[in-house]
1. Tell me which residues, restricted to the stretch A:49-97, are out of contact with any helix residue (DSSP H, G or I) (no Cβ under 6 Å at 6 or more places or on another chain) and not in a helix (DSSP H, G or I).
2. Please work out which residue is surrounded by the fewest Cβ atoms within 10 Å (Cβ to Cβ), limiting yourself to the stretch B:45-92 and to residues that are modelled with pLDDT of 80 or more and touching an Asp or Glu at 6+ places or on another chain (Cβ under 7 Å).
3. Identify, by number, the condition in (1) part of a loop (DSSP other than H, G, I, E, B); (2) without any contact (Cβ under 8 Å) to a residue 12 or more places away in the chain; (3) more than 8 Å from chain A (Cβ to nearest Cβ); (4) not charged (D, E, K, R) that B:Ala60 doesn't meet.
4. Considering only the stretch A:190-202, state which residues are surrounded by 21 or more Cβ atoms within 10 Å (Cβ to Cβ) and at the interface with chain B (Cβ under 8 Å from one of its Cβ atoms).
5. Please pick out the residue among A:Glu152, A:Glu167 that is surrounded by fewer than 23 Cβ atoms within 10 Å (Cβ to Cβ) and within 11 Å of chain B (Cβ to nearest Cβ).
6. Identify all residues within the stretch A:53-63 that are among the charged types (D, E, K, R) and either in contact with a Gly (Cβ under 8 Å, 6 or more places away or on another chain) or surrounded by 17 or more Cβ atoms within 10 Å (Cβ to Cβ) (or both); write none if there are none.
7. Looking at the stretch B:170-185, can you tell me whether even one residue there is under 60 Å from the mean Cα position of the chain (by Cα), part of a helix (DSSP H, G or I) and modelled with pLDDT of 85 or more?
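The values are calculated or read from the model by the stated rules, or taken from the named source; none is laboratory data. For clarity, every value in this text was computed on a predicted model and none was experimentally measured. Cβ sites come from the backbone with ideal geometry, for glycine too, and all protein chains shown count toward neighbours.
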Amino acid sequence: MAGSLAVADSFQGSWAGAVAAGASAWRLKDRFVDPDSVVIERCMRGDESAWEELVRTHTRRVYGLCYRFAGRDSEAQDLTQEVFLRVFRTIGSFRAAEGAFSIWLARVTRNLLIDHYRRTRRDRATDSIEDQLPVLEEEHAAQPDRILAGRETSEILQAALQRLSPELREAVILRDLQELEYREIAQVLNIPEGTVKSRINRGRAELARVLRKQRVAI
Amino acid sequence: MTCAEFEILLCDYLDAASGRAGALRPEQASAVERHMAECAACAELARDAGAALSFVARAADVEPPPELLTRILFDLPLRQKADPSRAALRDRIHRFLGPVLAPRFAMGMALTVLSFAMMAQCAGVRVPQLRPADLKPSNVWAGLEDRVHRTWERTLKSYESIRFVYEMQSRVREWTEQQQLEDSQTAAQPDERRLPAGTTPANLNGQEKNQNSSQTR
C-alpha cells in the first residue's frame, strides 16, 4: 500500500499542471453548454470565418491525437487534414443534443485513425518500430538513470506507444494525453466505461513494461 | 473485491492519488489498498500503471507545425460554401450551358452559324456595319421586304430585257428572210436594164458620159 502511494506521489506535481493546462476547449467544464455550439451553427450556415476559427481551435488536439497514434509527423499532418475535410463534409450529421462537438470530433478522428491503421497494417509489418528508432533506443540505453527532458520523454513515449496494440494505445492516448473523461472516452470508442478503465490500466502497464525493456527510467 | 473489480477501481484510485477529481469513495480506496496488499499481480499492475502515468505526464505536448493550419484552410473547399448565392448561380449557369457545351450540339451550332453567315454574305448583309437598330424585328422585316421587292423588280426587268432582245432578234431574222426572198424573186425575173447586144465597155462609157452631160443640162 505504501509503495503504491509513493508511486502516486511521484507524479502528483506534474500531473496537476498538465490537468490545469489541458482543461481548455477539449474537455467540457459545463456539461450542458457546448462551447463550440455558436461556431458550429455559423459553420453550418457556411460562414468561412467560423470554419477558420473551428480549425484554429481544434487543430492542436486533432494533430496530437493523430501524431501519438500514427507515430509520424507527416502521417499525422495528412490525417489531421483528412479529419477536417471529413468534418467539413459531415458537419450536417452532428447533433448538438447527442453530445459535445469535441467528442464528436474525437470520434471522427479515432474512426479515421483506425481506418488508417487497418489500411497500413501490411506496410508496418515490413517496417517495424524497432527499425524506425534504433538511435534513440541506443542513446537512452547508455544512460538509464538520466532524467529526461520533456521533449526527449515525448519522443521515447512516442516510440513506446507504437508497441501497444491499437485498442490499448487509443485508450491511453485519449485519457493520459488528450485528457478526456472516462464517460467521454466510452462515447468516442463506443464501449462501456468499465471496459475503458480496464483498457487504460492494461495499456499503462504495457507501456511501463515497454519502457523498462528499453531501459528507460520511469 | 475481485481482480476485475480492482481493475475498474484502479483508474479512479490513481486519479485520486494524483489529485484529480474522482468518484472514489473512502471505503472503495481502502478496499483497493487491501486488495493490493493481498494480490501481487494487481499490486504490480498498479505500480506499472502509476509509473507509466507519471512518465506520460512528464512528456511535452506535441505542437503541430505552423504551416499545417494554412494547409488545412487552403484545402477546405470554403469558397464554394461561403457564398451560397454565388454557388447557386454557378450551378444554374452550368445547368443551362451544360447541354450547349456538349460536342455534338456545339458542332451543330457552329455549322448553323456558318450557314447563316454564308447566306447573309450572299444576301449582301455587311455584319461589321450592323447597328443595334438594324436588329429590330420591324427593321429586319422592312429590309427583307425591300430586298425581295428589289430582287423581284430586277428579275422582271431581266425578263423584259430578254424578251425585247428575243423580239428584236426574231424581227431581224424575219427581215433577213424577207430580204432573201425578195432577192431570189428579183433574180428569177428578166432584167430590163440589160445592155443591148454588141455594146462594148468603151461605147458604154461614151453613152454614159452623154447621158450624164444631158442630165446636167
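1. A:Gly71, A:Arg72, A:Arg95
2. This residue is B:Leu73.
3. (3)
4. If the condition is that a residue be surrounded by 21 or more Cβ atoms within 10 Å (Cβ to Cβ) and at the interface with chain B (Cβ under 8 Å from one of its Cβ atoms), then A:Lys197, A:Ile200, A:Asn201 are the ones that fit.
5. A:Glu152
6. Across the stretch A:53-63, the qualifying residues are A:Arg60, A:Arg61.
7. The answer is yes; a qualifying residue exists.
Residue-wise test of (1) within 60 Å of the chain's Cα centre (by Cα); (2) of a type in the set (Asp, Glu); (3) within 10 Å of chain A (Cβ to nearest Cβ); (4) not in a helix (DSSP H, G or I).
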| position | (1), (2), (3), (4) |
| --- | --- |
| B:Glu7 | no, yes, yes, no |
| B:Cys11 | no, no, yes, no |
| B:Ala16 | no, no, yes, no |
| B:Arg20 | no, no, yes, yes |
| B:Ala23 | no, no, yes, yes |
| B:Ala31 | no, no, no, no |
| B:Ala41 | no, no, no, no |
| B:Glu44 | no, yes, yes, no |
